[in-house]
Amino acid sequence: VHTLWRMLYIVPTHFVAGLLLVWLYQAFKSASTLWNKALSALAILALFALLLPLGGLNNNSRMTLAKTDKDEQYTYWQDMLDYLNQNDIRKTSILTDPVTGYVLSGMTKHKTYQYKFLKRGMRQINFDDYQAAPLKKYKDWLLIVNDRSGGFSETGEVSRHWPENVLNTSSFYSTPLRAHIANNPEQRFKKRWERDKITIYEIQ
């Protein structure tokens, strides 16, 4: 089912309609009754109507087959991936936003906690109050703050398969969390790596 859905999602509609048109024409020629011929002819006419728009009816296909903008690819965070994939970086658990976590779970050896790129199943990082140091229980884990947000997703806007602003990773980190990190350098958050709006901390 998943494979069929993916294929239908990327194949332009008018290609599928063209193939059905050939099949229906064969059915029309081989039909043994007038009723079957009429059904095939009506289906052929309906497909001709669908084929008239040159772009087809499936705009998702056009965008899926088009070139992806640089800030919408996983390589937009390639430097972070390269760092985490170094041989001397031990395999560990990571706290981060769900989108960054989704990429890391597929592109690195490390463990993240989220359901796809959604918040469901995600380990909480945002709290109203950090006086009790709620992240301390994740000692030796990595905390990644990814403020290098990606671009606007036209595919998400049209298909509604994900939010159009899904790559706005910086919006996932609350002001109290940022203040907690800034007020506890080294004591609770040891900076391990930083580059172009992405910072990796080791939780102490």
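Per-structure values
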read-out: Test: residue in the stretch 140-148 that is closer than 26 Å to residue 76 by Cα, surrounded by 15 or more Cβ atoms within 10 Å (Cβ to Cβ) and aromatic (Phe, Trp, Tyr); value: yes
read-out: Yes/no for residue 188 being within 18 Å of residue 94 (Cα to Cα), in contact with a Leu (Cβ under 9 Å, 6 or more places away or on another chain) and modelled with pLDDT under 95; value: yes
read-out: Scope the stretch 168-177; condition open to solvent by 50 Å² or more (accessible area, probe 1.4 Å) and either assigned to a helix (DSSP H, G or I) or touching a residue at least 40 places away in the same chain (Cβ under 8 Å) (or both); matching residues; value: 171, 175, 176
read-out: Helices (runs of 4 or more DSSP H) wholly inside the stretch 1-95 that include at least 3 residues being at pLDDT 80 or above and open to solvent by less than 40 Å² (accessible area, probe 1.4 Å); value: 34-51, 78-84
read-out: Number of the exception - residue 113 against (1) touching a strand residue (DSSP E or B) at 6+ places or on another chain (Cβ under 8 Å); (2) closer than 18 Å to residue 196 by Cα; (3) not basic (Lys, Arg); value: (2)
read-out: First in the stretch 16-38 and over 20 Å from residue 49 (Cβ atoms), second anywhere and among the basic types (Lys, Arg), Cβ under 9 Å, 6 or more apart; value: 29/37; 31/37
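Yes/no matrix, rows are residues, columns are (1) out of contact with any strand residue (DSSP E or B) (no Cβ under 7 Å at 6 or more places or on another chain); (2) open to solvent by 90 Å² or more (accessible area, probe 1.4 Å); (3) in a helix (DSSP H, G or I):
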{"site": "99", "(1), (2), (3)": "yes, no, yes"}
{"site": "126", "(1), (2), (3)": "yes, no, no"}
{"site": "163", "(1), (2), (3)": "yes, no, no"}
{"site": "166", "(1), (2), (3)": "yes, no, no"}
{"site": "201", "(1), (2), (3)": "no, no, no"}
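The values are calculated or read from the model by the stated rules, or taken from the named source; none is laboratory data. Please read all numbers here as calculations on a predicted model, not as lab measurements. With ideal geometry, Cβ positions are generated from the backbone for all residues, glycine too; neighbour counts draw on all protein chains shown. Quick note on the areas: whole protein, heavy atoms, side chains included, nothing else; ligands and nucleic acids left out. Shrake-Rupley method; radii C 1.70, N 1.55, O 1.52, S 1.80 Å.
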